[in-house]
Each structure stands twice: as structure tokens, then as C-alpha cells.
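Worksheet: the structure to be examined is printed underneath.
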Amino acid sequence: MSLFRRFLNPKSKSDKKQESPEKAERGKYMPEVKLPTDERFMLNFKNNGGKFLYCENDKEMQEAFDNILLENDWYEKECFCLDANLQDKFKGFNLNFNRSGGAAFFLSTCEYLVANDGSILISSNQIKECKLNDLPDNFVIISSTSQLIDTIGEGLRGIKFRNKQRIPSNITTIKNFETQKEGDFMSYGSSTKNLYLLLLEDL
């Protein structure tokens, strides 16, 4: 069973009773067991307010995308998309693709998914020279399991390695995915996005 399937289907009470004695006997002062990268990302991403849809294949991704459009009434609406490949992939959904403001949502890929803080790492490869505040409030991000990493530093090294000829500019992360609460000064100045992540299994 896929790790993501296991994560999305929590263990039953009977499963919990069968956990190993070693795990049950861990004292409260023992260091926490470090979760795998995928599980850490999922926990942190969901805690940040992100909406996650796991897809085992392209057919499931198309179905998930269709459900997002239905849920938000985005059919025949403007879609801000700078990626010609994504425009081709989702051309059958009656969307009006453009590169100007006022769109219902932003459709894009990303560079990496960062497990330590549940953020999405993007660059000028995805958003050109746009600032996050200039983009629509709603994001649909297409990614794959091979893009999961532990830290932002690891992602920056990966970007540099994959773009040796010309390192992209405008590198930033998105990690606030729900409306800022009144008086929440920790999030002041950050760009909050209503974000859906379609994660395709490719490992």
C-alpha cells in the first residue's frame, strides 16, 4: 500500500493494539521518532491549511481537477496559467487561459514540496517575475512525489543543480493556505493563498 494511501486511511483501533512493544514502551523523555519525509510534509501542509489530493495516475488527477472546478464553480472562468504543458493537459475543461490579472485561480507546477514546514517552493520557472500578491488568491498546484524534500536548503541546491546554465530568479515559498486570523501578527505581511495540491505518484 502506498505511504500516502496509508496516511489518508488512519489505522483502526485493532491495528493500534498490534503496535510493537518497543513503540508502546517509549518514555515521555525519549526523543521523538522522525517521521518519513512524505508524512512530515502531509502533516505540516495540512496544518498550514492546504488541501491535498493524492493521485495514483493521470486519470485520477483529471478527476480530482474536475472536482475542484465543480466545488468552486470555476468552469468557463479565467485561469491564470503560464505553463503551456498544463494548458494542454487541462484543455478539455472549458477554461479561458490567460496571463493577466483577474483570473479565478492560478494553475501551476512547483519546484519542490518542503517537508519541514509544509511549504511549496516555486521560482520564476513557474511565476516568471510576478509577486505572490499579484497572483489570484486561489492556487491549484500540480506536483509529484519525487519532488518531496526535507528542507528549503535541499530545494535550493536542487534548483541550482537542475538549472546550471541559468539559475531561476524570484525563488520563494508559499506556506499560508488559510485566511489570516484577526490579530495574528505572526502572519503579517505574508501572502495567504487558498491552495489545492494535486500530488501525482511517480516513484
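Worth a mention:
- Listed by first and then second residue, the pairs linking a residue in the range 65-86 that is within 11 Å of L107 (Cα to Cα) to a residue that is part of a helix (DSSP H, G or I), with Cβ atoms under 6 Å apart and 6 or more places separating them unless they lie on different chains, are C81/Q87.
- Checked against (1) loosely packed, with under 10 Cβ neighbours inside 10 Å; (2) modelled with pLDDT under 95, F52 passes all but condition (1).
- Flag if N116 is within 20 Å of L199 (Cβ to Cβ), touching a residue at least 60 places away in the same chain (Cβ under 8 Å) and surrounded by fewer than 21 Cβ atoms within 10 Å (Cβ to Cβ): yes
- None of S119, S190 is of a type in the set (S, T, Y), within 30 Å of K34 (Cα to Cα), modelled with pLDDT of 95 or more and out of contact with any Cys (no Cβ under 9 Å at 6 or more places or on another chain) except S119.
- Within the set G92, G101, the sole residue that is at pLDDT below 95, in a helix (DSSP H, G or I) and either surrounded by fewer than 17 Cβ atoms within 10 Å (Cβ to Cβ) or within 16 Å of the chain's Cα centre (by Cα) (or both) turns out to be G92.
- Residue within the range 17-39 that is closer than 24 Å to L132 by Cα and either modelled with pLDDT under 95 or not β-branched (V, I, T) (or both) present: no
- In the range 61-83, the qualifying residues are those that are surrounded by fewer than 14 Cβ atoms within 10 Å (Cβ to Cβ) and modelled with pLDDT of 95 or more, and the one that is nearest to S144 (Cα to Cα) is E63.
- Considering (1) at pLDDT 95 or above; (2) within 17 Å of the chain's Cα centre (by Cα), the lone condition that F177 does not fulfil carries the number (1).
- Qualifying residue in the range 97-111 (condition: more than 27 Å from N67 (Cβ to Cβ) and touching a residue at least 60 places away in the same chain (Cβ under 8 Å)): no
- Subset of the range 151-178 [closer than 29 Å to E63 by Cα and in contact (Cβ under 8 Å) with a residue 60 or more places away in the chain]: K175, N176, F177, E178
The values are calculated or read from the model by the stated rules, or taken from the named source; none is laboratory data. Being a predicted model, the structure only gives us computed values, none of them experimental. No Cβ is skipped: glycine too gets one built from the backbone with ideal geometry, and neighbour counts run over all protein chains shown.
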